[in-house]
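K.L.:
After the structure tokens below, expect a handful of questions from me.
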Amino acid sequence: MWTHTAQRSRRTRRPYPVRTVITRTHTAQRSRRARRPYPVRTVITRSQGNTSCFQRLPAEVFHMILDRLSGLLFKRCTLLLPTEDRLTFTSSMFSQIPCFKLEECTAAGCLGFYGYGVFLKTMISGWGEVEWHRVFNFLCSFTNLLPKIKMAVTGTPGVSCSLELQLRLFCRQVLLDPWSSKDTLFWLTKILKPWPMVLQARLLFILYGPLLPDSTLAWQGMEEREMSHSALGHMAGVIVLLYSNLDHLTDWTTDTMQTILEELIDVWHMENVARLFVLCGSTVCYSFLANKAHNGQLLEASRLIVHIILVCEMDGYCMNEVVKMVHQVCQGFNNTSVRLAFIQSLEDMFSEVTMELIEIVTEGNHYEDMGLFQDLWSLLKSRAHFHAKFLHMFLQNE
């Protein structure tokens, strides 16, 4: 009886209404169908269109990976591995990305080297100096860096302009610019030391020399025309960095820097030379001039001083620093006759440079070239200002 009653009850009972359970998945699907897609900003890498691994990657994601995740995540995941194994794994990973390799990606504005620098800085932060040397050796092996540098610095300047630019971008964005001054000095000396001083000067220009609008180095431009302060600012900064740390560098002395600088500026337009030394500051400038003057190169020192005075007048720098520097050079001579010879050499050079400008105006019939007349006027005015300051200093000392 209980069984039949239950059966009749099941036949006559009306079914309960079925409730539909809406899950987060269904809500998200409806939301995605209804929501209009946001426009996606993309990063175009050097090798896009060929073999790039970052094709049309959203810029926000790319920056997040490079700036916050990749180096730190890799560092934590490989914490227990020896340095050699870490570097081997890095090599195997990066070798698949053309944007991280020299001369394998030519797209303008690629972020590959920048990302490489961020990754490297994050990964080796806190490592010891011995491990940093291993990292540099790994980078040289991975990128074939040293043979490429040799090709660039031993060839005719400007002929391999693409290679020069690639070396500049790689070294600056991976090893030099992202780091503190102390770390930059470490990498810079590692890059420079394998080469003779003549080639070190060329390499410094490749890394920090002025660029033309077409992204080629201004090798010829430095010889033929004046460059702006902004064009020479990076070069001045790295020279100051090297000079100010000579006490901490092995095998580097003031004479080393003197030779490198002389090779660097050998064929430059004199106003570019003077502007570089003005940007370097009085310490570097005095060291260079005193070395020349005390080694008997009075004419070369005098010519540079005259152009430094001219640049100070033209660019609005205070003449007091130049006056103090010339006074310091004079004080370095033990013999009064040598001091007088230096002062006479300086005065003769003022006259010589003035006559050179006058001859350019008269012999070339450049009477309508107001730029030349402006240079001549600036020279005469700078000479007057310098002498006034110089005499005032002596009167104060009496």
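K.L.:
Starting from the Kirkwood radius over alpha-carbon pairs of the stretch 112-183, derive D by Stokes-Einstein at 10 °C in a medium of 1.306 mPa s and give it in µm² s⁻¹.
P.N.:
120
K.L.:
Among the listed pairs Lys121/Lys150; Lys101/Lys193; Lys101/Lys190; Lys190/Lys324; Lys75/Lys190; Lys292/Lys389, which have their C-alpha atoms separated by more than 30 angstrom in this model? Spell out each step's value before the answer.
P.N.:
On the way: Lys121/Lys150 26 Å; Lys101/Lys193 23 Å; Lys101/Lys190 19 Å; Lys190/Lys324 36 Å; Lys75/Lys190 24 Å; Lys292/Lys389 24 Å.
Long pairs (Cα-Cα over 30 Å): Lys190/Lys324.
K.L.:
Separate question: Counting Lys +1, Arg +1, Asp -1, Glu -1, what net charge surrounds Ser141 among other residues with beta carbon under 13 Å of its beta carbon?
P.N.:
Working: positive: Lys101, Arg134, Lys148; negative: Glu84.
Its environment carries a net charge of +2.
K.L.:
Which net charge results for the neighbourhood of Leu299, defined as the other residues with beta-carbon distances under 11 angstrom from its beta-carbon, given Lys and Arg at +1 and Asp and Glu at -1?
P.N.:
Overall, the nearby charge balance is -1.
K.L.:
If I take R0 = 51 Å and measure r between the Cβ atoms of Arg225 and Leu81 in this structure, what FRET efficiency does the formula 1/(1 + (r/R0)^6) give, to the nearest 0.05? Walk me through the numbers before you get to the answer.
P.N.:
Numbers: r = 54 Å, r/R0 = 1.06.
Efficiency for this residue pair is about 0.40.
K.L.:
Give the peptides 261-267, 288-294 in descending order of average Cβ contacts within 10 Å, highest first. Can you show the working numbers first?
P.N.:
Values: 261-267: 17.6, 288-294: 20.4.
By packing density, highest mean first, the sequence is 288-294, 261-267.
K.L.:
Between the alpha-carbon centers of the stretch 176-205 and the stretch 340-360, tell me the distance in whole angstrom.
P.N.:
Between the Cα centres of the stretch 176-205 and the stretch 340-360 lies a distance of 37 Å.
K.L.:
Right, another one. Can you give the local net charge around Ile239? Use residues other than it whose beta-carbon is closer than 13 angstrom to its beta-carbon, Lys and Arg +1, Asp and Glu -1.
P.N.:
On the way: positive: Arg275; negative: Glu262, Glu263.
That sum, taken over residues with Cβ under 13 Å, equals -1.
K.L.:
What accessible area per residue, rounded to a whole number of Å², is obtained for the stretch 72-189 using a probe radius of 1.4 Å? Before the final figure, lay out the partial values.
P.N.:
Values: 5450 Å² over 118 residues.
That works out to 46 Å² for each residue.
The values are calculated or read from the model by the stated rules, or taken from the named source; none is laboratory data. Just so we're clear, the structure is a prediction, and the values are computed from it rather than from any experiment. With ideal geometry, Cβ positions are generated from the backbone for all residues, glycine too; neighbour counts draw on all protein chains shown. Ligands, DNA and RNA are excluded from the accessible area calculation, which covers all protein heavy atoms including side chains. Shrake-Rupley method; radii C 1.70, N 1.55, O 1.52, S 1.80 Å.
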